[in-house]
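Asks: I'd like to ask you about the structure that follows.
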Amino acid sequence: MEYLRRYTDVLSLLDIIKNNRLTLLSPETWFDQNDTFGLREYSKRKGGSAYALCMTEGPETGHHWQLFAGTSHGVCIQFDREEFTSFLNQLDDPVLHGPMKYMNLTEVRNLKPIKTDDLPFLKRETFEAEKEYRVIGWEVDFMAEETYSIPMPASMIKKIILDPRMPRMLAETIRDIAYSINGCDGISFTISRVHNNESWRKAIVDGLSS
């Protein structure tokens with residue numbers, strides 16, 4: 001089974017499971033301003049505002065936790081890739097979605113002409129390790145708001161991985177809140193060991209003593 005993972009924080013998780021929705025945000029505050037520029041140009045050509053939800057097709061890494069989940073209140077929300085993409089394809093209000101195309105400057109220059117719908121999925125190859133999968137929503141200017149919401153049953157979530165730095169009491173509270181919400185009792189919870197793995201430490205100790 002292939003997965004898509006969304007690294008975010010506890011507040012975003014609670015919004016998803018309580019309101020049964022995914023929230024797409026403006027790209028204006030992104031770290032990668034080259035990426036922001038591409039979506040800004042996309043918005044100009046469409047005559048509205050673009051919103052994005054960033055996920056990854058790749059396995060769990062320390063990089064994803066540090067850059068996208070931020071503090072000890074971070075979470076990784078895991079979806080079945082096939083189920084999630086099929087769900088997006090059946091929405092009443094269609095969205096664009098797909099993996100990013102990582103390119104160097106020469107490759108981008110050779111793209112001429114660049115298609116408008118390709119703009120949200122072009123990114124510099126220096127970010128290729130992210131293995132990003134992106135969802136793009138769009139609104140005409142007179143209807144544009146701060147965020148863009150996609151109705152989605154929280155039961156689509158397969159697993160919630162909690163930040164390896166999260167205190168256990170907080171982790172248990174988050175799990176209990178989720179299980180108290182209708183439709184969330186089948187979600188699996190675990191705490192990441194990517195930063196703090198006992199088996200790794202034991203292997204080091206065994207190696208030093210041999």
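The values are calculated or read from the model by the stated rules, or taken from the named source; none is laboratory data. Every value quoted in this text rests on a predicted model; they were computed, and no experiment measured them. FYI the Cβ positions are ideal-geometry reconstructions off the backbone, even for glycines, and counts take in every protein chain you see. Ligands, DNA and RNA are excluded from the accessible area calculation, which covers all protein heavy atoms including side chains. Shrake-Rupley method; radii C 1.70, N 1.55, O 1.52, S 1.80 Å.
Asks: How large, in percent, is the carbon and sulfur part of the accessible surface of the range 125-210 at a probe radius of 1.4 Å?
Replies: 54
Asks: With P(r) over Cα pairs in 5 Å bins from 0, in percent defined as stated, name the option among (i) 1, 6, 13, 17, 18, 16, 11, 8, 4, 3, 1, 1, 0, 0; (ii) 1, 5, 7, 8, 8, 8, 9, 11, 11, 10, 8, 6, 4, 2, 1, 1, 1, 0; (iii) 1, 7, 16, 21, 22, 18, 10, 3, 1, 0, 0 computed from the structure displayed.
Replies: (i)
Asks: Label LYS18 and VAL140 with points 7 Å out from Cα along Cα→Cβ: what is the distance between them in nm?
Replies: Here the answer is 3.3 nm between the modelled labels.
Asks: If you don't mind, another one. How about the range 91-196: which GluC sites (Glu not before Pro) there lie in a loop by DSSP and see at most 13 other Cβ atoms within 10 Å?
Replies: Values: sites: GLU107, GLU125, GLU128, GLU130, GLU132, GLU139, GLU145, GLU146, GLU172; in loops: GLU145, GLU146.
Taking the range 91-196 and a limit of 13 other Cβ atoms within 10 Å, the loop GluC sites (Glu not before Pro) found are GLU145, GLU146.
Asks: If I model a spin label at TYR179 and GLU198 as a point 7 Å from the Cα along the Cα→Cβ vector, what separation in nanometres do I get?
Replies: Placing both labels 7 Å along Cα→Cβ, they lie 2.1 nm apart.
Asks: Using only Cα atoms, find the angle between the long axis of helix 10-19 and the longest principal axis of the chain, and express it within 0 to 90 degrees, rounded to the nearest 10.
Replies: Approximately 70 degrees, to the nearest 10.
Asks: How much length is gained if the chain between HIS63 and ILE114 is pulled fully straight, taking 0.36 nm per residue apart and subtracting their Cα-Cα distance, in nm to one decimal?
Replies: On the way: separation 51, 0.36 × 51 = 18.36 nm, distance 3.04 nm.
Extra length available between HIS63 and ILE114 comes to 15.3 nm.
Asks: Starting from the Cα of ALA129, step 7 Å toward the Cβ, then list every residue of the range 64-99 with an amide N under 16 Å from that point.
Replies: The answer is 64-70, whose backbone nitrogens lie closer than 16 Å to the label point.
Asks: Here is a follow-up. Given the options ARG109, ARG21, ARG124, state which has the largest fluctuation in a GNM of the chain using a 10 Å cut-off (strictly under) for Cα springs.
Replies: Per the Cα network of the chain with a 10 Å cutoff, ARG109 tops the list.
Asks: Another question about this same structure. Where both partners of a DSSP beta bridge lie in the chain, what percent of those bridges are antiparallel, to the nearest 5? Intermediate values should be presented prior to the final figure.
Replies: Details: 32 of 39 bridges.
Beta bridges within the chain, antiparallel portion: roughly 80 percent.
Asks: For the chain, what is the accessible area per residue in Å², given a 1.4 Å probe and the full set of protein chains? Kindly include the intermediate steps, with their values, before the conclusion.
Replies: Details: 12230 Å² over 210 residues.
Per residue, the chain has 58 Å² of solvent-accessible surface.
Asks: Just need the relative contact order of the range 127-210 here, percent rounded to a whole number, with Cα pairs under 8 Å and 6+ apart.
Replies: Taking the mean separation of contacting Cα pairs over the length of the range 127-210, I get 31 percent.
Asks: Mind checking the angle between helix 198-209 and the chain's longest principal axis? C-alpha axes, 0 to 90 degrees, to the nearest 10.
Replies: 60
Asks: What percent do you get for the relative contact order of the chain when only Cα pairs under 8 Å and 6+ apart count?
Replies: Across the chain, relative contact order equals 31 percent.
Asks: Also, quick follow-up: Given the options TRP30, TRP200, TRP65, state which has the largest fluctuation in a GNM of the chain using a 10 Å cut-off (strictly under) for Cα springs.
Replies: Residue with maximal mean-square fluctuation among TRP30, TRP200, TRP65: TRP200.
Asks: Along Cα→Cβ, 7 Å out, is where each label goes; now give me the distance between the ones at LYS44 and LEU25 in nm to one decimal.
Replies: Those two pseudo-labels are separated by 2.5 nm.
Asks: In a GNM of the chain with a 10 Å cut-off on Cα contacts, which of GLN90, GLN78, GLN66 has the highest mean-square fluctuation?
Replies: GLN90
Asks: Compute the length gained on full extension between ASP32 and THR106: take 0.36 nm times their separation in residues and subtract their Cα-Cα distance, giving the result in nm to one decimal. Don't jump to the answer; show the numbers that get you there.
Replies: Numbers: separation 74, 0.36 × 74 = 26.64 nm, distance 1.90 nm.
Once the chain is fully extended between ASP32 and THR106, it gains 24.7 nm.
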